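What follows is a short report on a single structure.
The values are calculated or read from the model by the stated rules, or taken from the named source; none is laboratory data. This one's a predicted model, so the numbers in the text were calculated from it and none came from an experiment. So basically every Cβ, Gly included, is an ideal-geometry build from the backbone, and we count neighbours across all protein chains shown. Just the protein is used for accessible areas: all its heavy atoms, side chains included, with ligands, DNA and RNA removed. Shrake-Rupley method; radii C 1.70, N 1.55, O 1.52, S 1.80 Å.
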Amino acid sequence: MPILLFGSRHLDLITGEKTTTIRKLWKKPLSQGDRLHCYWNLVSKERKKLFEAEVTGVEVVKFNRLIHDDELAREEGFQDAAELESEFRKMYPDHSSEDSLFQVIKFRKLPMDEWEGAQINEKAMITKRADILFDVGKFDKSVMCYNAALKIDPQDVYLLNRKGDNLSRLGKFPQALECYDQALELEPDNEYVWNNKAIALLNSNRPEEALKANDHALEINGENMLVLYWRGFIMEMLGRFNEALACYDKILTLNPRDPEAWNAKGNLLSQIERAEDALECYDRSLELCLGEESDASTWNRKGNALMELNRFKEAVECYNEALALEPDNEVFLSNKGVAFIELGDFDKAVGCFRKVLIMNPKNEDAHILMDECLENL
């Protein structure tokens, strides 16, 4: 019973597009009609069966041919023959002379009712792979997997919603909205899908429609904090600041220990020039993050609030905290430089702007601000 293991490079196995693979020649070479048991080596100790297949053809070729055949390399999931050569030399260090023999195996994926071994939950296997790819930010590949799972069950609301999430992250908002609408036809009372639709509409610069979608989500569950959070953001985009503030306050009534809500409230209060109140919100957010990974952006925004209150030394301390977490952030460095200008410490300000220009020589603001500092030295 020949067994083949496939890695993450072979994503097109899930979609059924891959029907060829290349392996070194075995002691007992494969023949047409042989049965293959194919597994996905997710991690070294967790091998999951993908499918069973029948060999439809085998060609034995020399290594020298493989490393010059771009078409074969692409069929195996590589960009070109050069990449295949590099990887195969690592995989087969004792089998990479010019005359080393490999077998190019062509196969046909078998329907599950023709398998010799135990059947699997194919939809669950594909969905798990899609979720893994989604979690690591490989949204284009994740969409492929969700599409493959939807071929098995086109009415799965979870899959439609997750496919929409992927498409949103890829900036394909019209296609994402189609997915959410399909999901809502099946589950019209799904508050999370309504909320995701609202986010996609907001990102499509359609805030009024986003608010209507958010209304539906809120009607289903008026205490869903995720829905309330996005409602606050939509209200901000519409310039309805008091209603946005009411959303964040409601979240904090439900969960006073939500650092993101405190941060969002602080951002809004800064926007409407209530710096002192914003400062209290940022402090609360940072207190709640103690023991966890601090948010560099929150430290930066706290520094900005302190700048508005003319508390420049404290602002510098906040920018230092932000830069300790993101030392190459040119925005934080520029803000720190401006704080030093306000303190009359032009030497230190020049140091900040010089670092910014090393990272980004095209930063015009840093050029102007550094010139101003040099004139005052």
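Can you tell me which residues in the stretch 136-171 are β-branched (Val, Ile, Thr), under 15 Å from THR15 (Cα atoms) and within 15 Å of the chain's Cα centre (by Cα)?
If we filter the stretch 136-171 for residues that are β-branched (Val, Ile, Thr), which is where we start, we get 136, 143, 152, 157.
Keeping just the survivors that are under 15 Å from THR15 (Cα atoms) gives 143, 152.
Within the stretch 136-171, just VAL143 meets the criteria.
When we screen MET225, MET235 for residues that are open to solvent by 30 Å² or more (accessible area, probe 1.4 Å) and of a type in the set (A, V, I, L, M), the only hit is MET225. When GLU85, GLU114 are checked against the criterion of being open to solvent by 10 Å² or more (accessible area, probe 1.4 Å) and out of contact with any Leu (no Cβ under 8 Å at 6 or more places or on another chain), a single residue qualifies: GLU114. Residues in the stretch 159-177 that are surrounded by 16 or more Cβ atoms within 10 Å (Cβ to Cβ), out of contact with any Cys (no Cβ under 6 Å at 6 or more places or on another chain) and in contact (Cβ under 8 Å) with a residue 12 or more places away in the chain: LEU159, ASN161, ARG162, ASP165, ASN166, LEU167, SER168, ARG169, PHE173, ALA176, LEU177. Beta carbons closer than 8 Å, at least 6 apart along the sequence or on distinct chains, pair a first residue in the stretch 93-104 that is open to solvent by 50 Å² or more (accessible area, probe 1.4 Å) with a second that is of a type outside the set (A, V, I, L, M, F, W, C) for GLU98/LYS62; GLU98/ASN64; ASP99/LYS62; ASP99/ASN64; LEU101/LYS24; LEU101/LYS62.
The residue pairs whose first member lies in the stretch 64-76 and is crowded, with 20+ Cβ neighbours inside 10 Å, whose second member is assigned to a loop (DSSP other than H, G, I, E, B), and whose beta carbons are closer than 7 Å, counting only pairs six or more residues apart or on different chains, are ALA73/ASP80.
What's the number of the only condition in (1) over 28 Å from GLU178 (Cβ atoms); (2) over 24 Å from the mean Cα position of the chain (by Cα); (3) open to solvent by 60 Å² or more (accessible area, probe 1.4 Å) that GLU209 fails to meet? Here GLU209 meets the rest and fails (1).
Scanning the stretch 184-199 for residues that are open to solvent by less than 40 Å² (accessible area, probe 1.4 Å) and over 13 Å from ARG231 (Cα atoms) returns LEU184, ASN190, VAL193. Applying a threshold of 6 Å to beta carbon distances and a minimum spacing of six or more residues, or different chains, the list of pairs starting in the stretch 255-279 at a residue that is under 11 Å from ALA305 (Cα atoms) and ending at one that is among the small types (Gly, Ala, Ser) and surrounded by fewer than 22 Cβ atoms within 10 Å (Cβ to Cβ) reads ALA278/SER270. Listed by first and then second residue, the pairs linking a residue in the stretch 350-365 that is modelled with pLDDT of 90 or more to a residue that is open to solvent by 100 Å² or more (accessible area, probe 1.4 Å), with Cβ atoms under 8 Å apart and 6 or more places separating them unless they lie on different chains, are VAL350/LEU377; MET359/ASP328.
Is there a residue in the stretch 298-318 that is under 27 Å from GLU260 (Cβ atoms), in contact with a Gly (Cβ under 6 Å, 6 or more places away or on another chain) and crowded, with 20+ Cβ neighbours inside 10 Å? Yes, that holds for at least one residue.
Whenever a residue of the stretch 211-231 is over 14 Å from ASN255 (Cβ atoms), its partners that are not in a helix (DSSP H, G or I) and not aromatic (Phe, Trp, Tyr), lying with C-beta atoms within less than 8 angstrom and at least six residues away or across chains, give the pairs LEU211/LEU238; ALA217/ASN224; LEU218/ASN224; ILE220/ASP189; ILE220/ASN190.
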